[in-house]
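First comes the structure, then the notes that go with it.
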Amino acid sequence: MAAHAKRDFSAMEERRREAARLLRRGVSQSEVARRTGVTRQSVSRWAATLEQEGLRGLHRAGRAGRKPRLNEKQRQTLVRLLKKGPEAAGFPTGLWTVPRVAQLIEERFGVAYGNTRVWQVLRELGFTPQRPTGKARQRDEAAIETWKRKRWPQVKKTLPGRDD
């Protein structure tokens, strides 16, 4: 995944205003492009906007890219749901998988994501892939040790064909 630089919307808006000032003074579009460090096509687009909408049309554009489909409140709710565990969300085992998280997001928030986007959301929320330890959380180590010391020797003696 490529890292994206944050856009400085204030600087971009100031560049458009400077271009508007220059254009209104009669400076050529090519010269405006050179002075503001943008392409001639951008200046041409700004000039058309300036003519049709005035300075208001060149105001700050706002955020770049598509709006997030999960808002901040929903993302925090998702974190809480994930921390409660899959069983609390109605899944039979205690392991979160990408398809399970996708199902949870769709059922709870009505947003359908593919597996790749679910991975991205989980990373953005600070979750990392985990491997199960292979031992059940309910495992009773003391009971297992007792079984090995007392019950296993008895079982082993009764097994047919055991010579050890």
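The values are calculated or read from the model by the stated rules, or taken from the named source; none is laboratory data. Computed from a predicted structure; not experimentally measured. Virtual Cβ from ideal backbone geometry, glycine too; neighbours counted across all protein chains shown.
Quick check on this structure: which one of V79, V111, V121, V98 is under 15 Å from the mean Cα position of the chain (by Cα) and more than 30 Å from K135 (Cβ to Cβ)?
Details: V79 fails: more than 30 Å from K135 (Cβ to Cβ); V121 fails: more than 30 Å from K135 (Cβ to Cβ); V98 fails: more than 30 Å from K135 (Cβ to Cβ).
When all the criteria are applied, what remains is V111.
For T116, are the conditions met, namely being over 17 Å from G94 (Cβ atoms) and at pLDDT below 90?
no
Considering only residues that are of a type in the set (S, T, Y) and over 14 Å from M12 (Cβ atoms), which ones fall in the stretch 29-54?
S30, S44
Six or more apart or on different chains, Cβ atoms under 7 Å: show the pairs whose first residue is in the stretch 87-112 and small (G, A, S) and whose second is in a loop (DSSP other than H, G, I, E, B).
Every condition considered, the pairs that remain are G94/G85; G94/P86; G94/R137; A102/Y113.
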